[in-house]
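The values are calculated or read from the model by the stated rules, or taken from the named source; none is laboratory data. From a predicted model like this one, the values you see are computed outputs, not experimental measurements. All Cβ positions, even for glycine, are placed from backbone atoms using ideal geometry, and neighbour counts span all protein chains on display.
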């Protein structure tokens, strides 16, 4: 009887872990260290979207980021920092478009 309770508890905890992994998605939300630029990035839905853009733009099949080769991870972080530099405001000022009507 006691063994049955342990098996049921094990099955329930396994199901709970599997469900939480499925809900959080590919990488989940967390802090990811970029060893090439020595900084951290929050891996949120936005970062995951950028990662998917990089995969599609570089004709790569989808692989979870931690499973990528170090060369692919370097390529992603290089691309990511270039994109950030292009989108960064100049001198802290980001001009806004004025609506002309």
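Restricting attention to the stretch 22-45, does a residue exist that is at pLDDT 90 or above and in a helix (DSSP H, G or I)? Checked against the condition, which is being at pLDDT 90 or above and in a helix (DSSP H, G or I), the stretch 22-45 yields at least one hit. Candidates in the stretch 42-60 are the residues that are over 10 Å from residue 79 (Cβ atoms) and more than 8 Å from the chain's Cα centre (by Cα); of these, the one that is surrounded by the fewest Cβ atoms within 10 Å (Cβ to Cβ) is 59. Within the stretch 64-88, the only residue that satisfies the criterion of being surrounded by 13 or more Cβ atoms within 10 Å (Cβ to Cβ) and not in a helix (DSSP H, G or I) is 68.
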